[in-house]
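Reading through the structure tokens given below for one structure.
The values are calculated or read from the model by the stated rules, or taken from the named source; none is laboratory data. These numbers were taken from a predicted model, which means no experiment stands behind them. All Cβ positions, even for glycine, are placed from backbone atoms using ideal geometry, and neighbour counts span all protein chains on display.
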Amino acid sequence: MPLLEVTELRTYFETEEGVARAVDGVSFAVEPGEILGIVGESGSGKSVTSLSILRLIPEPPGRILPGSSIRFRGEELLALPEERMRRVRGNDIAMIFQEPMTSLNPVYPVGDQIAEALRVHRGLGKREARGRAIELLRRVGIADPEERVDAYPHQLSGGMRQRVMIAMALSCEPDLLIADEPTTALDVTIQAQILELIRELRDRTGMAVILITHDLGVVAEVCDRVVVMYAGEVVEEGEVATIFRDPRHPYTRGLLQAIPRLGRRVERLAVIPGTVPSPTAWPAACRFHPRCAYGWDLCVNAAPPLFEAGPGHTSRCWLEEHPERRREVDSERGAFPTTVGAAGEMAPAEAYHRRAAAEGAAPPPEPAPPKAAPRPLANDPATEEDVER
Ligand code: ADP
Ligand code: MG
């Protein structure tokens, strides 16, 4: 039995522009001890998915629609009374966020905050909790934990604060850790260290992890499997090795090419034209079609289901049924380079992070917005209307 099973999750928000279908029929499972990556651009519904799992969606304006299911060890979380749900949050599923300052209280020493969690959730006494807090700080790689335990959050670096957050999350010995962009605010070297820490903790404790990120490079570093989200839906899912070797969905291919690499010109990074549309106005049929180089009539007229692309590998794209279309477009514009880095190299993301760590290099600048989208459907009047809908 999977540790966590999310089925047909729909989380909508009432907004002034209408109903935002932020998460719209998402299904995936997490096995015990597994690190599952959820990847997608900003606005694709990753955070709303994780907040839904913990039932932390503000209602209103949000609501999880009937028909959605979130089972943890077989138990339906969406049916639990709030009091039991609080126990799940304290003991079974822990979450860490991108910016630790928003979750750490600035007026208390970090050790007190960890100790407090231990006293509430584990029922430890004061002295015992402090000892355990020091032990946890050591375990997440903080030097001199006996001194650092009395430091205030602002006295620590960003990487240290993220370690404190992880220590706090670990204090309840969770079976599942949800880490939402835990390294996005950190520089490349620290990011690599935090990812290494997460993997090491998984290896040591056997906890499962959902790692949310917009960077497939991060996924390559630590994840076993990956779910690619776009516009509130899962568009591709598979083993990380499979996704890097044989990405099927044009969106996944774009994300792969967007992995920052050293020694490449910035223009090469901006490969997915346009931006994620508003969740109150998803494009009709395939939600990615206005940005897709492969799109044709079918994509505007019918929503693609998740196709089986191989063992444990799915893709929500009509190209699975029409490989001739993929060949046609590839021959026109040059095939997708399947080994994204130079041939024979290790996974591009790994190579990048290693090199960056070795050179102590700063992350490359943000890619400039693309000049113009390839618009294979631009002559189709239905397209623009659909987008506005
Ligand atoms: P991601 O984490 O992938 O960047 P999110 O899950 O945060 O994306 O957001 C998905 C969409 O849901 C966004 O368009 C966002 O504006 C919308 N959304 C999230 N929270 C709220 C809210 N409280 N009210 C209205 N819309 C929201
Ligand atoms: Mg987010």
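Here is how the numbers come out for the structure above:
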| quantity | calculated |
| --- | --- |
| Those residues of the range 52-87 which are surrounded by fewer than 19 Cβ atoms within 10 Å (Cβ to Cβ) and of a type in the set (A, V, I, L, M), in sequence order | LEU54, LEU56, LEU65, LEU78, ALA79, LEU80, MET85 |
| Boolean, SER42 is loosely packed, with under 14 Cβ neighbours inside 10 Å, within 13 Å of ligand 1 (Cβ to nearest atom) and within 23 Å of the chain's Cα centre (by Cα) | yes |
| Failed item in (1) away from ligand 2 (no atom under 16 Å from the Cβ); (2) assigned to a helix (DSSP H, G or I); (3) under 30 Å from ILE243 (Cβ atoms), with GLY141 passing the rest | (2) |
| Enumeration of residues in the range 1-55 that are acidic (Asp, Glu) and within 19 Å of GLY74 (Cα to Cα) | GLU5, GLU8, GLU31, GLU34 |
| Selected residue [at negative phi, touching a residue at least 40 places away in the same chain (Cβ under 8 Å) and either within 16 Å of ligand 2 (Cβ to nearest atom) or crowded, with 21+ Cβ neighbours inside 10 Å (or both)] from PRO174, PRO153 | PRO174 |
| Qualifying positions in the range 269-311 - part of a loop (DSSP other than H, G, I, E, B), among the aromatic types (Phe, Trp, Tyr) and either under 20 Å from the mean Cα position of the chain (by Cα) or at pLDDT 95 or above (or both) | TRP282, PHE288 |
| Qualifying residue in the range 177-192 (condition: surrounded by fewer than 19 Cβ atoms within 10 Å (Cβ to Cβ), in a strand (DSSP E or B) and more than 16 Å from ligand 1 (Cβ to nearest atom)) | no |
| Strands (runs of 3 or more DSSP E) contained in the range 1-75 and holding at least 3 residues touching a residue at least 40 places away in the same chain (Cβ under 8 Å) and either within 15 Å of ligand 2 (Cβ to nearest atom) or among the hydrophobic types (A, V, I, L, M, F, W, C) (or both) | 4-15, 18-30, 35-39 |
| Those helices (runs of 4 or more DSSP H) lying entirely in the range 199-261 with at least 3 residues more than 16 Å from ligand 2 (Cβ to nearest atom) and either under 20 Å from VAL48 (Cα atoms) or within 16 Å of the chain's Cα centre (by Cα) (or both) | 216-222, 250-257 |
| Test result for ALA258, modelled with pLDDT of 95 or more, among the hydrophobic types (A, V, I, L, M, F, W, C) and surrounded by fewer than 24 Cβ atoms within 10 Å (Cβ to Cβ) | no |
| Some residue of the range 227-234 being under 18 Å from LEU4 (Cβ atoms), touching a residue at least 24 places away in the same chain (Cβ under 8 Å) and away from ligand 1 (no atom under 14 Å from the Cβ) | no |
| Single condition GLU83 does not satisfy, out of (1) more than 11 Å from ligand 1 (Cβ to nearest atom); (2) under 22 Å from the mean Cα position of the chain (by Cα) | (2) |
| The one condition in (1) assigned to a helix (DSSP H, G or I); (2) over 25 Å from PHE72 (Cβ atoms) that ASN105 fails to fulfil | (1) |
| Checking MET95 against (1) assigned to a helix (DSSP H, G or I); (2) in contact with a helix residue (DSSP H, G or I) (Cβ under 7 Å, 6 or more places away or on another chain); (3) within 15 Å of ligand 2 (Cβ to nearest atom), the condition it does not meet | (1) |
| Residues of the range 316-353 that turn out to be at pLDDT below 65 and in a helix (DSSP H, G or I), as a count | 6 |
| Test set (1) within 16 Å of ligand 1 (Cβ to nearest atom); (2) farther than 21 Å from ARG161 by Cα - LEU77 fails condition number | (1) |
